[in-house]
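**Q** Please see the structure below; I have some questions.
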Amino acid sequence: MKGRIVVAVDGPAGSGKSSVSREVALKLGLTYIDSGALYRAVTWFYLERHGPLDAAIDFGSELGAIALTQDFLSDGTSITVVNGTDVSASIRDEAITRNIGVVSDAVPVRNFVNSLLRRWASSRSIIMDGRDIGTVVFPDADVKIYLDASVEVRALRRIKEYGEMGKTLDENEVKNLIIQRDTQDRSRPFGRLVRAEDAIYMDTSEMTRDEVIGEMCRIILDRRGADPSPRQDQSGS
Ligand code: CDP
Ligand code: CDP
């Protein structure tokens with residue numbers, strides 16, 4: 001890959017953003033940055049302080065108390081640390097998902113997360129996934145990809161994912177939760193999920209993960225030319 005490159009991947013929950021972006025990063029020597037993990041980490045901080053969250057909390061006034069860092073490992077994963085605590089596992093808890101909406105709607109929180117994301121991306125070639133990466137965080141990204149899939153397919157993917165961990169989920173319940181999250185992600189006033197005009201749209205409903213990974217690598221290499229350089233473990237702090 002010639003020079004520094006920024007790849008922005010957006011799309012709704014379950015469209016495959018994190019799993020395929022991580023693999024594309026490994027194949028092309030990019031650093032994968034998961035913006036959702038930052039919103040999850042900030043939510044973890046407020047839950048520890050306040051218990052269940054609501055929109056009446058003044059999230060902006062407490063942001064100064066959050067020291068948030070990520071270590072990017074060579075296997076494509078990362079370790080997220082809040083004020084000295086490794087929260088990488090706890091940010092995946094159901095309680096985080098239930099409370100994250102009011103936190104990621106708060107404009108001061110979005111500004112806080114966006115400035116960290118931009119700082120971490122400033123010195124390396126990256127692929128970053130989220131909802132507003134190609135529109136707000138990196139409107140000048142070299143490559144923008146919008147991943148999509150039908151609600152039905154996204155629900156089945158989640159059910160399969162949990163099934164592999166030994167958990168059985170009700171299809172209708174999963175579908176309704178996805179619809180609810182889509183509505184929340186698409187209707188927030190700032191940083192909402194919207195397809196950037198210059199993003200390449202991929203409907204992955206009929207595509208396997210490997211097909212999506214292959215197509216994304218092809219798009220990125222087409223744009224920037226070959227010769228991927230190896231990525232090294234790096235810290236975002
Ligand atoms: O569960 P999933 O992988 O779909 O979500 P995530 O990427 O971990 O993000 C968790 C939540 O953070 C999402 O439901 C979004 O509402 C929010 N988010 C956001 O508002 N903006 C981003 N750039 C990334 C995530
Ligand atoms: O990050 P996001 O919420 O967009 O989705 P993900 O967590 O990467 O993917 C959700 C599930 O769908 C994972 O279990 C992926 O392995 C699976 N997946 C799939 O079956 N086919 C694809 N084309 C992409 C993802």
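**Q** With charges set only on the Cβ (+1 for Lys and Arg, -1 for Asp and Glu), what does the dipole of the chain come to about its Cα centre, in debye to the nearest 20? Could the numbers behind the result be given before it?
**A** Working: 31 positive and 36 negative charges, 97 e Å.
Its charge dipole is roughly 460 debye.
**Q** What value, in deg cm²/dmol to 500, does the helix sum -39500 (n - 2.57) over DSSP H runs of n ≥ 4 give at 222 nm once divided by the residues of the chain? Please list the in-between numbers first.
**A** Details: 7 runs with 102 residues, N = 237.
So the helix-based figure for the chain works out to -14000 deg cm²/dmol.
**Q** Report, in cubic angstrom per residue, the convex hull volume of the C-alpha atoms of the chain.
**A** On the way: hull volume 29.0 nm³, N = 237.
Normalising the Cα hull of the chain by residue number yields 122 Å³.
**Q** Please go through the stretch 153-202 and write out the trypsin sites (Lys or Arg not before Pro) that DSSP classes as loop and that have at most 13 other C-beta atoms within 10 Å. Let's see the in-between values first.
**A** Details: sites: R154, R157, R158, K160, K167, K175, R181, R186, R192, R195; in loops: K167, R192, R195.
Sparse-neighbourhood loop trypsin sites (Lys or Arg not before Pro): K167.
**Q** Next up: Which percent of the accessible area of the chain is formed by carbon and sulfur heavy atoms (probe 1.4 angstrom)? Provide the component values of the computation, followed by the final result.
**A** On the way: 5490 of 11260 Å².
Here carbon and sulfur together make up 49 percent of the probe-accessible area.
**Q** I would also like to ask the following. Counting heavy atoms of the protein chains only and a 1.4 Å probe, report the per residue accessible area for the chain as a whole number of Å². Working shown, then result.
**A** On the way: 11260 Å² over 237 residues.
Spelled out: the 1.4 Å probe surface of the chain, per residue, equals 48 Å².
**Q** Hey, another quick one. Each residue of the stretch 111-127 in turn: what ³J(HN,Hα) in whole Hz from Karplus with 6.51, -1.76, 1.60 and θ = phi - 60°, glycine and Pro shown as x?
**A** 5, 4, 5, 4, 6, 5, 4, 5, 5, 5, 8, 5, 10, 8, 7, 9, 10
**Q** Using a 1.4 angstrom probe on the protein heavy atoms only, line up E23, E152, E48, E206 by accessible area, largest first.
**A** On the way: E23 60, E152 90, E48 125, E206 170 Å².
Most to least solvent-accessible, the answer reads E206, E48, E152, E23.
**Q** For the ranges 124-134, 54-64, what's the packing order if you count other beta-carbon atoms within 10 Å of each residue, average per peptide, and put the highest first?
**A** Working: 124-134: 26.0, 54-64: 12.1.
The peptides rank, most packed first, as 124-134, 54-64.
The values are calculated or read from the model by the stated rules, or taken from the named source; none is laboratory data. Note that the coordinates shown come from a computational prediction; the quantities given were computed from them, not determined experimentally. Note that we place each Cβ from the backbone using ideal geometry, even for glycine, and neighbour counts take in every protein chain shown. Note: accessible area is taken over every heavy atom of the protein model, side chains too, but ligands, DNA and RNA are not part of it. Shrake-Rupley method; radii C 1.70, N 1.55, O 1.52, S 1.80 Å.
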